[in-house]
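Colleague: Quick one: structure below, then a few questions.
The values are calculated or read from the model by the stated rules, or taken from the named source; none is laboratory data. Here the structure is a predicted model, which is why all the values come from computation and not from measurement. Ideal geometry is used to build each Cβ from the backbone, glycine not excepted, and the neighbour counts take in all protein chains shown.
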2 protein chains.
Amino acid sequence: MLDPMATDRITMEDVAARAGVSRALVSIVFRGVPGASETTRERVLAAAAELDYRPDSRASRLGRRRTRTLGVTFAVGASFHGDLLQSLYTHADAAGYELVLSGVTADRPEVPAVETLLAERCEGLILIGCTLPASHLARIGARLPLVSVLRAVRADSVDVVRTDDAAGLRLAVGHLVGLGHQHIALLDGGRAPGATERRRGYRSALRQAGGLRETLLPGGLTELEGAAAALGFTDRQSAGPTAVAAFNDRCALGFIDNVRQHGLRVPADVSVVGFDDISQAAYPHVALTTVRQDADRLAAAAVKAVMARLETLGKPSPPTASVIEPELVVRSSTSPPGRN
Amino acid sequence: MLDPMATDRITMEDVAARAGVSRALVSIVFRGVPGASETTRERVLAAAAELDYRPDSRASRLGRRRTRTLGVTFAVGASFHGDLLQSLYTHADAAGYELVLSGVTADRPEVPAVETLLAERCEGLILIGCTLPASHLARIGARLPLVSVLRAVRADSVDVVRTDDAAGLRLAVGHLVGLGHQHIALLDGGRAPGATERRRGYRSALRQAGGLRETLLPGGLTELEGAAAALGFTDRQSAGPTAVAAFNDRCALGFIDNVRQHGLRVPADVSVVGFDDISQAAYPHVALTTVRQDADRLAAAAVKAVMARLETLGKPSPPTASVIEPELVVRSSTSPPGRN
DNA sequence: TGTGTCTACTAGAGCGCTCTAGTCTTACAA
DNA sequence: TTGTAAGACTAGAGCGCTCTAGTAGACACA
């Protein structure tokens, strides 16, 4: 086999020769730093274009003191992670950083995903919905800025950026109580990131509403679990809850879907509030009342946290936590109870 | 600010010193190539572990002739792309390659996404659902192996890996015809990758069924467009189609959702077939009859196509096309018509 | 004893950039 | 005229690896 990398293989040297300048000057031009006259700059760019040259980012990052890259792990297929990625690209770019993505799948656990990023010598790590043990994270955090997004972790030098999950559920329950619901169930998230806090928020809201009855339905991250919960729900409907606060939108959607198929009406027979505000929630035919997590602010806070640590390197500071306030988005999946 | 990269900064040199061997030997051990005795190997590994050393992949890729990386672009948030990524990780790994991901979002078009990968000196590119013009792709394909996944492109040295979209729609329509439907609408995909072929398949199937009436509903990629199509559909229901073949599952799901909200029953009043077989389609409460695209086989074919070109480099061969046969998955969203 | 073959290891020249410490002009002030 | 300062440019030593060419030593064989 021929050497796949040998094909053409145009380097700065070639561009320099063609433009009749030194390699260093080409570097200056491509980095966009001052030190080249306008005419030479154009000549270099022209030569590069003719050769279809583009700088080698491996070499560039190696030669540079700073790599100017941020490593990001995310769950492949998780739609809210996708929303975050989108905003992360924007905010990292604004801060002059590139993103290096590392996907987590069933066959590619978090540890190798993170290792890849460390080997890439990213300057900081942003782990979305990471479930690694705190001790593990602390070890990594000791070496470079690390922020856990969507999951609260108590570990040295590990910053956390998350939505105020408890407040989110207080909003959801408060909304339902305001509509007159007296029996509100929680479609639970189990061990998923944020689930503990949401449970806590649910309970505190019930207490605050005068000690309403608590009902936990086992739920989960996807429509599947929501739909499963609907099964048990429709049975005991007569004496059951009149409203449900779900762990997330997907779960809520699955629940609604199945509950409707069993003849119940939403919101007439049962009101449902989601969590996340994924794009589907806003579709007119869905119109899910939900608690919005602000992907853009979360992403901004994550990038900012990394930048802050980068600037105070060497002076280990206590972990910070950016807790973004969620927002209730009222749409059509909730109404006063008992409108039979 | 301190130099963020200066922190510890452990190199092979440090490991070599600690283990009492040369730098080259450490390299040998970490690459896992023969040339080190078992005892030294262990000593080196131990030294590395003590220092928490891990090889710098930038430097490694630069020094090596081959980078052993495959660049992948994908649309952030597209769930079928996520399924493909998952399988791509597996197949690339099996071929001894690493993946470099580059996400496409609203603010990050395909061109910069691809440029990043080229700058990274990937050995080959896998573009998922890429919409760049053929001429642009041909220019890139002339320099390195390039495969377009999910989208048919006729361009020199650009391989294509896709599902047989036309056959998929023939399966869908055939299934509906078999159930007795005489008037089948296509919920169209417009300019989305694969949409043209599916339209073609739809038409040829109608012809083959004896020239059934053609009805095109404007659709799209998401639930939103499916739901919108449902609006017009329910109006003319009396004389309208009894079945719908949708561009994809999400679109089908949106359609079903909205059509149900308008009082129609699926499949009793209208049968619906999707396309893709995303994970939600299989959920029991959804049970969508659909045409499955095999993400794993698509991913395998994509990696294989790149490998094939890598092996015959220098001898430009004609573009190949791997057309993966789709499979009809019959679930509960279809039934014979007129069961009112 | 010499020759050859193995295995275990090392020296050192790359890989394609960056960036510091220069050199060489030219301009302008004193 | 000299001094000096700014601007445009270059030489060359890294960055942390890889990998070829080579050395040293052990062992076998004639």
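Colleague: Looking only at residues in segment A:5-23 that are away from chain B (no Cβ under 14 Å) and surrounded by 18 or more Cβ atoms within 10 Å (Cβ to Cβ), which one is nearest to DNA strand D (Cβ to nearest atom)?
Modeller: A:Val21
Colleague: Just wondering, is there one or more residues in segment A:102-110 that are in contact (Cβ under 8 Å) with a residue 40 or more places away in the chain and not assigned by TED's automatic domain parsing to the domain that holds A:Ala195?
Modeller: Within segment A:102-110 (the criterion being in contact (Cβ under 8 Å) with a residue 40 or more places away in the chain and not assigned by TED's automatic domain parsing to the domain that holds A:Ala195), the answer is no, since none of the residues qualifies.
Colleague: Sort out which residues of segment B:33-51 are closer than 30 Å to A:Arg9 by Cα and more than 10 Å from DNA strand D (Cβ to nearest atom), and write them in order of number.
Modeller: B:Pro34
Colleague: Cβ-Cβ distance below 6 Å, separation of 6 or more or different chains: which pairs start in segment A:261-276 with a residue that is on the phi > 0 side of the Ramachandran plot and end on one that is among the aliphatic types (A, V, I, L, M)?
Modeller: The qualifying pairs do not exist here.
Colleague: Assess whether A:Thr234 counts as being polar (S, T, N, Q) and either under 23 Å from A:Ile324 (Cα atoms) or at pLDDT below 90 (or both).
Modeller: Values: polar (S, T, N, Q): yes; either under 23 Å from A:Ile324 (Cα atoms) or at pLDDT below 90 (or both): yes.
Yes; evaluated as a whole, the condition is true for this residue.
Colleague: If you check B:Arg191, B:Arg199, which single one turns out to be assigned by TED's automatic domain parsing to the domain that holds B:Arg260 and in a loop (DSSP other than H, G, I, E, B)?
Modeller: B:Arg191
Colleague: For segment B:135-147: of the residues being away from chain A (no Cβ under 13 Å) and buried (at least 23 other Cβ atoms within 10 Å of the Cβ), which is nearest to B:Ser317 (Cα to Cα)?
Modeller: B:Val147
Colleague: If A:Ala92 meets every condition in (1) within 9 Å of DNA strand D (Cβ to nearest atom); (2) surrounded by 18 or more Cβ atoms within 10 Å (Cβ to Cβ) apart from one, which number is that one?
Modeller: The one condition A:Ala92 does not meet is (1).
Colleague: Here are B:Arg203, B:Arg191: which of them is basic (Lys, Arg) and touching an Asp or Glu at 6+ places or on another chain (Cβ under 7 Å)?
Modeller: So the residue among B:Arg203, B:Arg191 that is basic (Lys, Arg) and touching an Asp or Glu at 6+ places or on another chain (Cβ under 7 Å) is B:Arg203.
Colleague: So, in segment B:115-134, of the ones that are in a helix (DSSP H, G or I) and at the interface with another protein chain (Cβ under 8 Å from one of its Cβ atoms), which residue ends up surrounded by the most Cβ atoms within 10 Å (Cβ to Cβ)?
Modeller: B:Thr116
Colleague: Does any residue in segment B:33-51 that is in contact (Cβ under 8 Å) with a residue 24 or more places away in the chain come within less than 6 Å, Cβ to Cβ, of a residue that is near DNA strand C (Cβ under 7 Å from one of its atoms) six or more places away or on a different chain, and which pairs are these?
Modeller: Qualifying pairs under 6 Å: none.
Colleague: Is it the case that B:Arg170 is modelled with pLDDT of 95 or more, more than 14 Å from chain A (Cβ to nearest Cβ) and either surrounded by fewer than 22 Cβ atoms within 10 Å (Cβ to Cβ) or part of a strand (DSSP E or B) (or both)?
Modeller: Taking the combined requirement at face value, the residue does not satisfy it.
Colleague: Quick one: B:Leu70 ticks every box in (1) over 28 Å from B:Thr196 (Cα atoms); (2) touching a Gly at 6+ places or on another chain (Cβ under 7 Å); (3) free of Cβ contacts under 8 Å to residues at least 24 places away in the same chain bar one, so which box is it?
Modeller: Condition not satisfied by B:Leu70: (3).
Colleague: Can you name the condition, by its number, that A:Glu42 falls short on among (1) assigned by TED's automatic domain parsing to the domain that holds A:Ala301; (2) away from DNA strand C (no atom under 16 Å from the Cβ); (3) among the acidic types (Asp, Glu)?
Modeller: (1)
Colleague: Considering only residues that are touching a Ser or Thr at 6+ places or on another chain (Cβ under 6 Å) and more than 13 Å from chain B (Cβ to nearest Cβ), which ones fall in segment A:265-274?
Modeller: A:Ser271, A:Val272, A:Val273, A:Gly274
Colleague: Another question, then. Output the residue which, of all residues in segment A:106-156 that are modelled with pLDDT of 95 or more and of a type in the set (Ser, Thr, Tyr), is farthest from A:Gly194 (Cα to Cα).
Modeller: Per the stated criteria, the residue is A:Thr116.
Colleague: Could you figure out which of (1) free of Cβ contacts under 8 Å to residues at least 60 places away in the same chain; (2) more than 14 Å from DNA strand C (Cβ to nearest atom) isn't true of A:Ile126?
Modeller: Every condition holds for A:Ile126 apart from (1).
Colleague: Step by step: first the residues of segment B:45-71, then only those that are of a type in the set (Gly, Ala, Ser) and in a helix (DSSP H, G or I), then the one that is nearest to DNA strand C (Cβ to nearest atom). Which residue is that?
Modeller: Checking each candidate, the answer is B:Gly63.
Colleague: Take the residues in segment A:148-167 that are of a type in the set (Asp, Glu) and surrounded by fewer than 24 Cβ atoms within 10 Å (Cβ to Cβ), then tell me which one is farthest from A:Ile324 (Cα to Cα).
Modeller: A:Asp156
Colleague: While we're here: Does segment B:251-267 contain at least one residue that is of a type in the set (Phe, Trp, Tyr) and more than 21 Å from the chain's Cα centre (by Cα)?
Modeller: yes
Colleague: Quick check on A:Phe74: is it of a type in the set (Phe, Trp, Tyr), outside the structural domain of A:Ala106 (by TED's automatic domain parsing), closer than 29 Å to B:Ser60 by Cα and more than 9 Å from DNA strand D (Cβ to nearest atom)?
Modeller: Spelling it out, it is not the case that A:Phe74 is of a type in the set (Phe, Trp, Tyr), outside the structural domain of A:Ala106 (by TED's automatic domain parsing), closer than 29 Å to B:Ser60 by Cα and more than 9 Å from DNA strand D (Cβ to nearest atom).
Colleague: I've got another one for you. If A:Gly254 passes every condition in (1) more than 12 Å from every other protein chain (Cβ to nearest Cβ); (2) out of contact with any Phe, Trp or Tyr (no Cβ under 6 Å at 6 or more places or on another chain); (3) farther than 17 Å from A:Pro336 by Cα but one, which one does it miss?
Modeller: With respect to (1) more than 12 Å from every other protein chain (Cβ to nearest Cβ); (2) out of contact with any Phe, Trp or Tyr (no Cβ under 6 Å at 6 or more places or on another chain); (3) farther than 17 Å from A:Pro336 by Cα, A:Gly254 is out only on (1).
Colleague: Working only within segment B:77-114, note down all residues that are more than 7 Å from chain A (Cβ to nearest Cβ), farther than 19 Å from A:Gly77 by Cα and not small (Gly, Ala, Ser).
Modeller: Across segment B:77-114, the qualifying residues are B:Asp93, B:Tyr97, B:Glu98, B:Pro109, B:Glu110, B:Val111, B:Pro112, B:Val114.
Colleague: Restricting the search to segment A:95-108, which residues are surrounded by 21 or more Cβ atoms within 10 Å (Cβ to Cβ) and either within 16 Å of DNA strand C (Cβ to nearest atom) or outside any strand (DSSP E or B) (or both)?
Modeller: A:Tyr97
Colleague: Please go through segment A:52-71 and give me each residue that is among the hydrophobic types (A, V, I, L, M, F, W, C) and more than 16 Å from DNA strand D (Cβ to nearest atom), ordered by number.
Modeller: Initial filter on segment A:52-71 (among the hydrophobic types (A, V, I, L, M, F, W, C)): A:59, A:62, A:70.
Selection gives A:Leu70 alone.
Colleague: Just one of (1) closer than 17 Å to B:Val323 by Cα; (2) modelled with pLDDT under 95 trips up B:Gly190, so point out which.
Modeller: Every condition holds for B:Gly190 apart from (1).
Colleague: Of all residues in segment B:24-76, which are surrounded by fewer than 17 Cβ atoms within 10 Å (Cβ to Cβ), more than 11 Å from every other protein chain (Cβ to nearest Cβ) and under 33 Å from the mean Cα position of the chain (by Cα)?
Modeller: B:Arg31, B:Gly32
Colleague: Please note which strands (runs of 3 or more DSSP E) are completely contained in segment B:217-326 and include at least 1 residues that are small (Gly, Ala, Ser), surrounded by fewer than 24 Cβ atoms within 10 Å (Cβ to Cβ) and assigned by TED's automatic domain parsing to the domain that holds B:Ala142. Step through it out loud before you land on a result.
Modeller: Working: elements: B:243-246, B:271-276, B:289-292, B:321-324.
Hits in segment B:217-326: B:321-324.
Colleague: Which residues, counting only those in segment B:293-333, are acidic (Asp, Glu) and within 30 Å of B:Val266 (Cβ to Cβ)?
Modeller: From segment B:293-333, those acidic (Asp, Glu) are B:294, B:296, B:311, B:325, B:327; that's our starting set.
Of everything in segment B:293-333, those that are acidic (Asp, Glu) and within 30 Å of B:Val266 (Cβ to Cβ) turn out to be B:Asp294, B:Asp296, B:Glu325, B:Glu327.
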